[in-house]
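S.K.: Provided herewith is a single structure, encoded as structure tokens, for subsequent inquiry.
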Amino acid sequence: MLAYFNRPILTHLNVCVVLQRDTAQSLVDELKKVSADLEKEITAHDETKSKLDEIETQLSEHTQKSTTLQEQYERVAIELAQSSATAKNAGASSDMLSLEMADHVRTAAKLRAQLAENEALVIEMPALKEKLAKKEALLKKASEATKKLKALVKQSRAETVEEREKAKQTADREQQHLDTVNTLQTALDDLKLDLAQALADHAKINNRCEILNETIKRQRREAEDNDRATLDNLEKIKQQLKETTIEFENYKTRAQSVLRQKDLAADTLASAANPAEGSIFNSLGVTSNSEETKTMCSHASPMVFGFRVLGFKGFASLRHGKRNIRCTLTHTKRTH
């Protein structure tokens with residue numbers, strides 16, 4: 001995968017290397033072309049310079065010749081003048097003088113033509129020198145351009161070598177990345193196997209959890225049902241306890257009223273018949289006006305009240321709603 005992502009980078013580097021190589025090759029070709037043109041210019045410059053030297057030599061020679069010819073012309077003119085004077089004096093040699101005059105005229109015409117040619121060369125000399133200076137300037141510029149191109153070619157070669165080194169390093173890194181990818185792929189395969197095993201174990205655990213959840217839900221429903229039943233029973237017990245408490249309070253109130261009445265009646269009868277005998281409470285060691293009797297009648301529980309005051313049978317009669325208090329009290333008195 002890393003190699004896949006590094007592939008565009010390598011492609012870009014390869015393209016850069018190819019472009020720099022093409023640029024360097026084009027620079028080399030251009031340098032060769034410029035070098036050939038420079039060689040041609042140098043050759044033409046050398047030829048022009050040699051021609052200029054030849055022209056200068058010829059010009060100096062022509063100058064010397066023209067000077068010589070001028071001197072000869074002057075001498076010929078002098079001789080012609082002398083010959084004319086002599087011809088006037090002696091007409092015998094007129095034909096020879098005519099021939100010499102014609103020869104001198106031709107020679108003078110040649111000398112004039114050479115002088116005109118030399119003057120033309122002298123006139124063209126500044127233009128030739130200017131052309132030569134321009135060619136030398138162009139040659140200098142071409143030399144500087146050649147140096148720059150050589151420097152660029154050298155730099156391009158150095159950059160090409162550097163890019164090759166970078167490409168080699170990139171290839172090495174890519175190989176390392178490929179090795180790393182292979183290692184990671186192997187580790188990924190192992191992790192996939194472990195993940196598959198873990199998923200299988202997870203599925204088993206999920207099945208067990210579902211079974212446990214169903215069991216817990218069932219137990220919860222049973223517990224809720226039991227709780228509801230227990231609450232219903234508790235409500236029923238509370239209701240029964242409430243009814244029993246109300247019934248006990250009623251019986252307690254009635255018993256206290258009956259006991260007070262019977263106590264008063266018994267005390268009255270006992271006082272009238274036998275003052276020393278007293279009431280049934282006196283036989284029990286409890287007076288009707290004592291604090292123990294009041295506390296027993298007002299705060300005692302049904303069990304304590306029944307067993308201490310009424311006895312077992314009296315408590316049973318009170319518990320089951322029997323109203324025969326007189327028989328109960330009589331039985332209690334006889335028992336004591």
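S.K.: Grab the Cα-Cα distance for E210 and A137, subtract it from 0.36 nm times how many residues apart they are, and report the gain in nm with one decimal.
M.R.: Additional length available on full extension: 16.3 nm.
S.K.: Compute the signed sum of charges (Lys and Arg +1, Asp and Glu -1) over the other residues within less than 11 Å, Cβ to Cβ, of D201.
M.R.: Surrounding charge for D201 is +1.
S.K.: Between D232 and T160, what is the label-to-label distance in nm when each label sits 7 Å out along the Cα-to-Cβ direction?
M.R.: Going from the D232 label point to the T160 one covers 10.3 nm.
S.K.: State, to one decimal in nm, how far the label point of Q64 lies from the label point of R254, with both points 7 Å from Cα in the Cβ direction.
M.R.: For the pair Q64/R254, the computed spacing is 18.5 nm.
S.K.: If you don't mind, there's one more thing I want to ask. Can you order the peptides 251-257, 191-197 by their average number of other Cβ atoms within 10 Å per residue, highest first?
M.R.: Descending packing order for the listed peptides: 251-257, 191-197.
S.K.: What FRET efficiency would be calculated for the residue pair A116, Q82, taking the C-beta separation as r and a Förster radius of 22 Å, to the nearest 0.05?
M.R.: 0.20
S.K.: Per residue of the range 123-137, in order, report the coupling 6.51 cos²θ - 1.76 cosθ + 1.60 (Karplus, θ = phi - 60°) as ³J(HN,Hα) in whole Hz, putting x for Gly and Pro.
M.R.: So the Karplus estimates, Gly and Pro as x, are 5, 6, 4, x, 5, 5, 5, 5, 4, 5, 5, 4, 5, 5, 5 Hz.
S.K.: I need the phi-derived Karplus couplings for the range 178-183: 6.51 cos²θ - 1.76 cosθ + 1.60, θ = phi - 60°, integer Hz, Gly and Pro marked x.
M.R.: So the J values, rounded to whole Hz, are 5, 4, 4, 5, 4, 4.
S.K.: Okay, next question. Zone of E39 (label point 7 Å along Cα→Cβ, backbone N under 16 Å): which residues in the range 143-162?
M.R.: Residues passing the 16 Å test: 143, 146.
S.K.: Starting at the first residue of the range 196-202, write each ³J(HN,Hα) from the Karplus equation 6.51 cos²θ - 1.76 cosθ + 1.60 with θ = phi - 60°, in whole Hz, x for Gly and Pro.
M.R.: Ordered by residue, 3J(HN,Hα) equals 4, 4, 5, 5, 4, 4, 5 Hz.
S.K.: So, one more: Grab the Cα-Cα distance for E130 and K148, subtract it from 0.36 nm times how many residues apart they are, and report the gain in nm with one decimal.
M.R.: Taking 0.36 nm per residue and subtracting the Cα distance, the gain is 3.8 nm.
S.K.: Right, something else. With r as the distance between the Cβ atoms of L188 and S26 and R0 = 35 Å, compute the FRET efficiency 1/(1 + (r/R0)^6) and round to 0.05.
M.R.: 0.15
Every read-out reported here was derived from the displayed coordinates using simple, explicitly stated rules and does not represent laboratory data. It should be emphasised that the depicted structure is a prediction, and the values quoted were computed from it without experimental measurement. A quick note on method: Cβ atoms are made from the backbone with ideal geometry, for glycine too, and the neighbour counts reach across all protein chains shown.
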